[in-house]
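Worksheet for the structure shown next.
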Amino acid sequence: MAPHPFARLDAIYVINLDSRPDRLRAIDAELARVGLSFSSPNVIRHAAYRPQSKGSFPSLGARGCFISHLTALKAAHGAGYKQILILEDDVLFTRRLSQNLAALAAHLDTPDWDMAYLGFRLAGEGRLHGRGWRDVTPLTDITCAHAIMWRRAAVARAIPYLDAMLAREAGDPAGGPMHVDGAYNWFRRAHPDLLAVRSAKQLVTQRSSDSDIAAQTRYRNSAVIGVLRRLKDIRARWA
């Protein structure tokens, strides 16, 4: 059996907080579905940043997520990697991922992308159809950044752009601190020559786990909520 296309990437960065071993176990189980683990030479646990204050960001979690993505990009650039995947630790690999292995492998070898969204939400778009890849225009707003493949040239351009955002105030017309998925939208608009694509449908979605970005409620650990989350995850994997 041929190795999973993910095994061909220089690195897979899994962003995980030290305080979330539950998510680490869950993502390790997901990696096992594609024949990988944290023992694989290209799988790297990237310690997420936990800030002490939200600064100019919308929330504490938004700041931590932004900086965690940025430091992962910097690590990849410093290592000289040519193709990487950044995963957040709540990802869930759908059955479509295993059904599209040939297309994914072929895609890695083409010059037709700099950024590739494997998981996403599109504002104002109905049910998604088809297989393969779709171009992402600079004006396309994509929500979520839980599974993005990057090539070295795009990484090199994203780092100074995100660093500049960090140095500004929220609401700055040039782009200030914001959720990282929004920052990537700004980045693509500022670099219209960048080749961004997405899978026709989500290949990687997100589990219904407790969030470190969204507000938490007193019901989050209830048994009923746990059952509902598991049912939602099953539906997401097989949708």
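The values are calculated or read from the model by the stated rules, or taken from the named source; none is laboratory data. Here the structure is a predicted model, which means the values were calculated and not measured. Cβ: placed from backbone, ideal geometry, glycine included. Neighbour counts: every protein chain shown. To get the accessible areas, we keep the full protein, side chains included, count just its heavy atoms, and leave off ligands, DNA and RNA. Shrake-Rupley method; radii C 1.70, N 1.55, O 1.52, S 1.80 Å.
Structure above, values below:
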{"quantity": "In range of the label at ALA102: residues from region 1-40 whose backbone nitrogen is under 18 Å from the point 7 Å along Cα→Cβ", "calculated": "1-6"}
{"quantity": "Probe 1.4 Å, all protein chains present, accessible-area order of TYR81, TYR49, TYR13, largest first", "calculated": "TYR49, TYR81, TYR13"}
{"quantity": "Simple label model, 7 Å out from Cα along Cβ direction - THR143 to LYS74, nm", "calculated": "3.0 nm"}
{"quantity": "Extended-chain gain in nm, criterion 0.36 nm per residue less alpha-carbon gap, ALA170 and SER19", "calculated": "51.6 nm"}
{"quantity": "Per-residue SASA entry for ARG157, accessible area with 1.4 Å probe, Å² rounded to 10", "calculated": "80 Å²"}
{"quantity": "Net charge of neighbours whose Cβ lies under 12 Å from the Cβ of ALA47, counting Lys and Arg as +1 and Asp and Glu as -1", "calculated": "+1"}
{"quantity": "Sequence of ASP90, ASP172 when ordered by accessible area, the most exposed leading, probe 1.4 angstrom", "calculated": "ASP172, ASP90"}
{"quantity": "Solvent accessible area, Å² - LEU166, 1.4 Å probe, full protein context", "calculated": "60 Å²"}
{"quantity": "Shape category assigned to region 69-181 from the gyration tensor of Cα positions, a/c cut at 1.5", "calculated": "oblate"}
{"quantity": "Surrounding net charge for LEU73, when Lys and Arg each add one and Asp and Glu each subtract one, Cβ distance under 11 Å", "calculated": "+2"}
{"quantity": "Packing-based order for 131-137, 3-9, using average beta carbon neighbours within 10 Å, highest first", "calculated": "3-9, 131-137"}
{"quantity": "Accessible-area ranking of ARG63, ARG33, ARG189, largest first, probe 1.4 Å", "calculated": "ARG33, ARG189, ARG63"}
{"quantity": "Three-way shape call for region 1-142 based on the alpha-carbon gyration tensor, with the a/c threshold at 1.5", "calculated": "oblate"}
